[in-house]
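Here is the structure we will look at, set down as structure tokens.
The values are calculated or read from the model by the stated rules, or taken from the named source; none is laboratory data. Because the structure is a prediction, the values reported are computed rather than measured. So basically every Cβ, Gly included, is an ideal-geometry build from the backbone, and we count neighbours across all protein chains shown. Please note that ligands, DNA and RNA were not included when accessible areas were found on the heavy atoms of the full protein model with its side chains. Shrake-Rupley method; radii C 1.70, N 1.55, O 1.52, S 1.80 Å.
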Amino acid sequence: MKLKHLKLVGYRNYEDLSLDLSDGTNIFIGRNAQGKTNILESVCYASMGSSFRTSTDNDLIMWNHPGSSVSIDFQRMGVDNKLEFIFQREKRRQIIHNGSKIKAKELIGIINVVLFSPEDLTLIKGAPSERRRFLDMEISQASPAYYGELIKYNRLLQQRNTLLKSIREGKAQASMLEMWDSQLVDSGIKIIGKRLETVKKLNMLANLMQRRISTNEENLSLSYCIKGYTGLVDKIDENMILWYNETLREVTREDIYRGSTSIGPHRDDIQIYVNGIDLKAFGSQGQQRTGVLSMKLSELEFIRSEKGEYPILLLDDVMSELDMNRRQQLLEFIKKEHIQTIITATDKAYFPEDANCVFYKVSGGTVEVSDRM
């Protein structure tokens with residue numbers, strides 16, 4: 001997958017940006033608050049239909065402008081495509097793919113990206129929700145059907161939680177839960193099954209990356225943890241389905257008291273180990289950084305195995321977070337695998353003299369190709 005041309009009109013601090021992109025590594029250099037991340041954000045938005053920086057589309061519109069637009073020309077499996085977004089204040093956005101309007105749920109999988117930013121260190125140190133989000137975004141890009149099932153599950157979960165609160169307040173009967181429980185288990189099992197299958201692949205891929213970055217000194221392992229389930233599980237079977245149904249009934253009283261559902265894929269986690277040690281609890285900062293980088297690189301390989309080509313790699317100011325060895329390993333991997341990459345940084349010194357890259361200078365909402373300093 002290759003992005004060929006990006007056009008931003010009235011987007012963030014870009015009045016009118018028209019930019020051709022290299023098939024290789026594109027590096028945007030500039031001071032903070034000049035608009036570097038805005039470029040990455042627009043590409044990431046085109047992939048997932050949402051920003052990784054704001055939940056409000058109005059924030060994407062330039063100050064004192066009635067609207068904005070993002071237009072991306074790209075190649076997918078060698079075929080030319082065009083994706084456009086039109087934003088207007090207080091109005092529903094428009095998404096146009098190859099000249100035809102599409103719905104948000106149809107967007108997932110059209111453009112595949114992997115984003116790595118300093119905030120991704122929470123993938124190791126943060127709450128389970130961070131690791132679930134990582135997993136869900138990865139699978140959704142490779143499988144729009146999974147994304148649809150995830151939307152369905154979250155809707156069912158919200159409806160069940162609303163009913164739990166009504167029962168707690170004496171406005172509904174507990175017997176009404178039976179209908180929602182059966183649907184929730186059916187959808188939850190599908191999600192857990194796909195997550196288990198994916199983590200099994202990531203376990204192998206991430207370990208290969210970890211060994212490469214650590215020069216064969218470290219082994220990384222991942223395992224999917226189902227909350228409340230004490231046995232080892234690597235696939236869905238009848239015992240797992242039986243446990244899910246029985247446990248959901250057993251915790252009914254507690255769920256009513258809390259007004260929320262205490263088990264299910266929305267409560268699961270991924271455990272990450274390096275050389276058999278819990279990376280979150282006992283790993284050094286260097287090991288944790290390497291672990292995050294390995295998982296991000298394994299995400300690239302996973303999407304390629306599922307979709308037939310590498311996604312676009314977006315690196316937002318991560319070079320300052322990596323030591324020289326990790327930067328070198330990352331750039332060598334990108335170059336060897338011919339992965340189109342967009343990088344933001346504040347200093348060209350992070351990149352070796354022989355780096356085969358195109359540099360862009362970003363200043364106050366303007367972008368120009370820059371010779372190496």
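Just a few scattered comments:
- Rounded tilt (10° steps) of 285-307 against the dominant C-alpha axis of the chain: 90
- Residues whose placed amide H lies under 5 Å from that of residue 62, excluding near-sequence neighbours: 11, 12
- Cross-link partners of residue 101 among aspartates and glutamates, defined as those whose alpha carbon lies under 12 angstrom from its own and excluding same-chain residues fewer than eight positions apart: 84.
- When all protein chains stay in place and ligands, DNA and RNA are ignored, the 1.4 Å accessible-area order of 11, 229, largest first, is 229, 11.
- Global form of region 80-227, assessed from the alpha-carbon gyration tensor, a/c cut-off 1.5: oblate
- Per-residue 3J(HN,Hα) values for region 98-103, derived from phi via the Karplus relation 6.51 cos²θ - 1.76 cosθ + 1.60 with θ = phi - 60°, read 6, x, 10, 5, 10, 8 Hz in sequence order (x marks Gly and Pro).
- Within the straight-line cut-off of under 25 Å between alpha carbons, the lysines reachable from residue 36 are 2, 4, 7, 82, 296, 335, 348, 361, sequence neighbours fewer than 8 places apart in one chain being disregarded.
- Residue order by solvent-accessible surface for 54, 162 is 162, 54, largest first, with ligands and nucleic acids left out and a 1.4 Å probe.
- The angle between the Cα long axis of helix 238-250 and the longest principal axis of the Cα atoms of the chain comes to about 70 degrees, rounded to the nearest 10.
- Among [x] 22; [y] 36; [z] 32, the entry derived from the coordinates for percent of Cα pairs over 35 Å apart: [z]
- Positive-end ranking of 192, 148, 206 along the dipole of region 140-238, with charges on Cβ about the Cα centre, is headed by 148.
- Whole-Å distance, taken between Cα centres, linking region 289-352 and region 251-274: 34
- Counted over the chain, the DSSP beta bridges are approximately 70% antiparallel.
- Think of a 1.4 Å ball rolled over the protein heavy atoms: region 1-102 then has 47 Å² of accessible area per residue.
- Note on region 246-373: percent of Cα-Cα distances in each 5 Å bin, starting at 0 and stopping at the bin with the largest distance, equals 2, 8, 14, 14, 13, 12, 11, 7, 7, 5, 3, 3, 1, 0.
- Charges were assigned to the Cβ only: +1 to each Lys and Arg, -1 to each Asp and Glu. The resulting dipole of region 314-373 about its Cα centre is roughly 100 debye.
- Prolate/oblate/rounded label for region 1-149 (Cα gyration tensor, a/c 1.5): rounded
- Estimated at 0.36 nm per residue, the fully extended path between residue 79 and residue 178 surpasses their Cα-Cα distance by 30.8 nm.
- Shape call, region 273-347: gyration tensor on alpha carbons, a/c limit 1.5: oblate
- Phi-derived couplings, Karplus 6.51 cos²θ - 1.76 cosθ + 1.60 at θ = phi - 60°, listed residue by residue for region 256-272: 5, 4, 7, x, 8, 8, 8, 10, x, x, 6, 10, 7, 8, 10, 9, 10 Hz, with x used for Gly and Pro.
- Here region 33-179 exposes an accessible surface that is 50 percent carbon and sulfur, computed with a 1.4 Å probe and the other protein chains kept in place.
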